[in-house]
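Bear in mind that the values in this text are calculations on the coordinates, not laboratory data. All values reported here derive from a predicted model rather than from experimental measurement. Cβ sites come from the backbone with ideal geometry, for glycine too, and all protein chains shown count toward neighbours.
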Amino acid sequence: MLSCVTGDSTIALGHGATLREIGDGSFAYLQSSPSWGLANAGLVTSQGESLLVDTLYDLNLTRRMLDEMRRRTPAADDIDTLVNTHANGDHCWGNQLLAGADIVASKLASEEMRELTPALMNALVVAARVAVTLGSAAQRLTGLLGTIGLRRALAFRDAAHFVVDNYGGFEFAGIELCPPTTTFEGQLTIHVGDKEVHVIEVGPAHTRGDAIVYVPADRTVFAGDILFIDSHPIVWDGPVANCVAACDRLIALDVDTVVPGHGPITDKAGVRRVRDYWQWLLAEVRRRFDGGLSIEDAAVDIARAGLGSFADWRDRERLALNVDSMYRELRGDRSPRDPLALLARMAVFSRRR
């Protein structure tokens, strides 16, 4: 039988995550190693009703999270509503385990979810493992393909080790893409027992359809990937000004507790720190853009300059992706992006630095 544990407490889980009670019946599920693919989630409960904020990257991770939530509170036995803060798989690819729940996301996030499917990601990881196993033979083959115009072959060659290192530990096979059943634009208010939950669209920023989940009664907000704490954040879509504006939106809320998409729980000071990062990086990138440096050279030059007060942040390779995004913005380029090329850019940056 499930038991309900009350009070502000943190339980360490054997699989590298903690479930922390952060309000009267609200919880944050926090990863102990919040790097690539390991995201936070949340649970809001009241009067026997429940709302889950995000699922995880694969079914095993999501199942463990749900099992722990059910051990903590009976309200998690039958979750009424699931909110996906955005379209990245580490926040929505466990959706199929929430049978019967109303799945909510912004309209743009719902559209974006269909662009990179779990099946495609599984195929990429399998192919990357083969390439790494073949070693120099695969390098020669993809190099040859690149010389005859297959640019994605070169990108795959450069990205293979990065893909295996950062995504090879997840199980993407067997995941069914379960898109939202309810979409919204702007803002949506959901009632969970006697709590109001405000789902507020703040994208395009990290992705096209970012949303945050604000629970006034608990003075808490779940920020999704608008916030990465103690590691470099990512702007897949942008513009960067919207990332800054999203941080300002978080700061304006009447909250004490801020749950980021990745990293430890923070407060408004942590949000200001992320906002400062974007403003600092945009200034550094603009200076090198005006100086005529390539994207690759600009990223390496910024890293070699020391990264200022952000030098101790994890996942420095994301700097290369962010510089790419900012160069596109400065050029006015809104053409479709190739995720494989972005992975390759980060892999090459890691080797160069």
With a point put 7 Å past each Cα toward its Cβ, work out how far residue 132 is from residue 102 in nm, to one decimal. 4.3 nm
Roughly how many nanometres apart are two label points built 7 Å out from the Cα toward the Cβ at residue 290 and residue 181? 5.3 nm
Contact order normalised by length for the chain, with contacts defined as Cα pairs under 8 Å and 6 or more residues apart; what percent is it? 15 percent
Got a sec to turn the phi values of segment 297-306 into Karplus ³J(HN,Hα) couplings, 6.51 cos²θ - 1.76 cosθ + 1.60 with θ = phi - 60°, whole Hz, x for Gly and Pro? 5, 5, 4, 5, 5, 5, 5, 5, 6, x
Per residue of segment 84-89, in order, report the coupling 6.51 cos²θ - 1.76 cosθ + 1.60 (Karplus, θ = phi - 60°) as ³J(HN,Hα) in whole Hz, putting x for Gly and Pro. 8, 5, 6, 8, 4, x
Just the Kirkwood number for the chain, please: inverse of mean 1/r across all distinct Cα pairs, in Å, one decimal. 20.9 Å
Please return the longest range in the chain lying between exposed loop sites, taking GluC sites (Glu not before Pro), DSSP loop only, at most 16 other beta-carbon atoms within 10 Å, and leaving the sites out. 186-353
Each residue of segment 231-246 in turn: what ³J(HN,Hα) in whole Hz from Karplus with 6.51, -1.76, 1.60 and θ = phi - 60°, glycine and Pro shown as x? 8, 5, x, 10, 10, 6, 10, x, x, 4, 4, 6, 5, 5, 5, 5
Mind listing the long-range amide H neighbours of residue 26? Cut-off is under 5 Å, sequence gap 5 or more, other chains count too, H placed in the peptide plane at 1.01 Å from N. 45
How much FRET efficiency would the formula 1/(1 + (r/R0)^6) give for residue 341 and residue 165, where r is the Cβ-Cβ distance and R0 is 22 Å, rounded to 0.05? 0.80
Around residue 192, which amide H atoms from residues at least 5 apart in sequence, or from another chain, sit under 5 Å from its own amide H, with H modelled in the peptide plane? 197
Expected unfolding gain across residue 252-residue 120 under the 0.36 nm per residue rule, minus the alpha-carbon gap, is 43.6 nm
Computed FRET value (nearest 0.05) for residue 194 with residue 352, which takes r as the C-beta separation and R₀ as 35 Å: 0.05
Which cross-chain or sequence-distant (5 or more) residues have an amide H under 5 Å from the amide H of residue 92, H modelled 1.01 Å from N in plane? 55
